[in-house]
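Read the structure below first, then the notes.
The values are calculated or read from the model by the stated rules, or taken from the named source; none is laboratory data. In this text the structure is predicted, and so the values were computed from the model without any measurement. Cβ atoms come from the backbone with ideal geometry, glycine included; neighbour counts cover every protein chain shown. To get the accessible areas, we keep the full protein, side chains included, count just its heavy atoms, and leave off ligands, DNA and RNA. Shrake-Rupley method; radii C 1.70, N 1.55, O 1.52, S 1.80 Å.
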Amino acid sequence: MTPLVSVVLPVRNGGKFLTEAVQSILSQTFENLELILVNDHSTDDAIESLDKSDSRLKIINCIGNGVVLSLIHISEPTRR
């Protein structure tokens, strides 16, 4: 099933809050969604420590150009 809603969450060294944020989004009553984490070159281990068993979770790793350029990078396929 194609997700109806895409939630984009930019992350850079957000270990203190990331697990709680991901759990909050994925536990919504509306389930036809995907959560796209845009990892902007985090140096903490927050991404690695996430439970990745939920198929709605997608992780995109970027090279550390900042949130705006990372979001532009991931939105490119949607502009076609």
Open item on the list: Give me the residue from the stretch 1-48 that is among the charged types (D, E, K, R) and assigned to a strand (DSSP E or B) and, out of that set, least open to solvent (accessible area, probe 1.4 Å).
Closed with: D40
- [ ] Please specify each residue of the stretch 55-80 satisfying the condition of being modelled with pLDDT of 85 or more, surrounded by 13 or more Cβ atoms within 10 Å (Cβ to Cβ) and over 11 Å from R12 (Cα atoms).
- [x] R56, L57, K58, I59, I60
